[in-house]
1. Read through the list (1) closer than 26 Å to Leu212 by Cα; (2) in contact with a Gly (Cβ under 9 Å, 6 or more places away or on another chain); (3) in a loop (DSSP other than H, G, I, E, B), then give the number of the only condition that Pro132 fails.
2. I'm trying to understand the selection: among the residues of segment 31-50, which are within 16 Å of Ser101 (Cα to Cα) and touching a strand residue (DSSP E or B) at 6+ places or on another chain (Cβ under 6 Å)?
3. Report yes if Gly15 is in contact with a Pro (Cβ under 9 Å, 6 or more places away or on another chain), in contact (Cβ under 8 Å) with a residue 60 or more places away in the chain, of a type in the set (Gly, Ala, Ser) and more than 27 Å from Ser237 (Cα to Cα), otherwise no.
4. If a residue has to be on the phi < 0 side of the Ramachandran plot, among the small types (Gly, Ala, Ser) and free of Cβ contacts under 8 Å to residues at least 60 places away in the same chain to count, how many in segment 197-215 make the cut?
5. For segment 203-248, what are the residues that are touching an Asp or Glu at 6+ places or on another chain (Cβ under 8 Å) and among the charged types (D, E, K, R)?
6. With the requirement that a residue be under 21 Å from Asn115 (Cβ atoms) and open to solvent by 60 Å² or more (accessible area, probe 1.4 Å), what does segment 218-235 give you?
7. Considering each residue of segment 3-30, count those that are open to solvent by 20 Å² or more (accessible area, probe 1.4 Å), under 15 Å from Asp68 (Cα atoms) and either of a type in the set (Ser, Thr, Tyr) or in contact with a Lys or Arg (Cβ under 7 Å, 6 or more places away or on another chain) (or both), and give that number.
8. Which one is least open to solvent (accessible area, probe 1.4 Å) among residues in segment 150-183 that are in contact with a Lys or Arg (Cβ under 8 Å, 6 or more places away or on another chain), outside any strand (DSSP E or B) and under 10 Å from Ala123 (Cβ atoms)?
Amino acid sequence: MTDHIIVEQPSAHPGVQVIRFNRPEKKNAFTRAMYRTMTEALAAANADTNIRVTVFLGTEGSFSAGNDIGDFLATAMGGSMGDELIDFLYALANAEKPLVSGVDGLAIGIGTTLNLHCDLTIASDRSQFRTPFVDLALVPEAASSLIAPRVMGHQRAFAMLAAGEAFSAEEAREAGLIWKVTTPDEVENAALIAAAKLAAKPPEALKIARDLICGSREEVIARIDVEARHFAARLKSAEARAAFEAFMRR
């Protein structure tokens, strides 16, 4: 457990589990410990009949800046994404109950791609979605190379995942990455209300409907594995070393 992730079941919203990123001083950049806690929370949701929906929330102005670079590099130097990150990606793919996210502000890297696994995402109008994978001489992760083209179409997915173009909240909505855009003051409450409405629905019917809409988990997990192999290989490349050295010099 880490204080940088707060997991709770708010009494005002029965059936809803909240996973809150709580590292605002680092713009909610994820560490290995944070990934472990989130993976445990998603596994708990699968096993607990009292939890019907999980909601991801950040802090004011920051959903997540992606991986904590210092923590990530400690693992990456060995040529691996890290077991904690991979386990979290598997947990997203294997989530048996709806996932909702409320995004306010920065959503970078995994802060963007985890929303591809969410069933409903509500973002504030000041949110920005960006995946600078190729800029760091890396490749997309979280099965985003599979899911994003299906959701957004090839050109928009390429612009986000390969060209590294930033998407505003409205552009993300138009692309199908998110569901609704609201104000910073309303985004968290809107996400919780949406989750509460889902939690009130017949759970078995909702699960079947979600499974039909999401399709094959095995295909998603297979793409996570393929991306991870490419990612690990890229971490050992001279390109990636040069890109990370340049990033750390900023």
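The values are calculated or read from the model by the stated rules, or taken from the named source; none is laboratory data. On a predicted model such as this, the values are computed, not experimentally measured, just so you know. When we count neighbours, we look across all protein chains shown, and the Cβ atoms used for this are built from the backbone with ideal geometry, even at glycine. Calculation scope for accessible area: heavy atoms of the full protein, side chains included, ligands and nucleic acids excluded. Shrake-Rupley method; radii C 1.70, N 1.55, O 1.52, S 1.80 Å.
1. Unmet for Pro132, out of (1) closer than 26 Å to Leu212 by Cα; (2) in contact with a Gly (Cβ under 9 Å, 6 or more places away or on another chain); (3) in a loop (DSSP other than H, G, I, E, B): (1).
2. If the condition is that a residue be within 16 Å of Ser101 (Cα to Cα) and touching a strand residue (DSSP E or B) at 6+ places or on another chain (Cβ under 6 Å), then Met38, Ala41, Ala45 are the ones that fit.
3. When the stated conditions are applied, Gly15 passes them.
4. Within segment 197-215, residues that are on the phi < 0 side of the Ramachandran plot, among the small types (Gly, Ala, Ser) and free of Cβ contacts under 8 Å to residues at least 60 places away in the same chain number 2.
5. Matches in segment 203-248: Lys207, Arg210, Glu227.
6. Scanning segment 218-235 gives Glu219, Arg223.
7. So the count comes out to 1.
8. Ranking the qualifying residues of segment 150-183, first place goes to Ala169.
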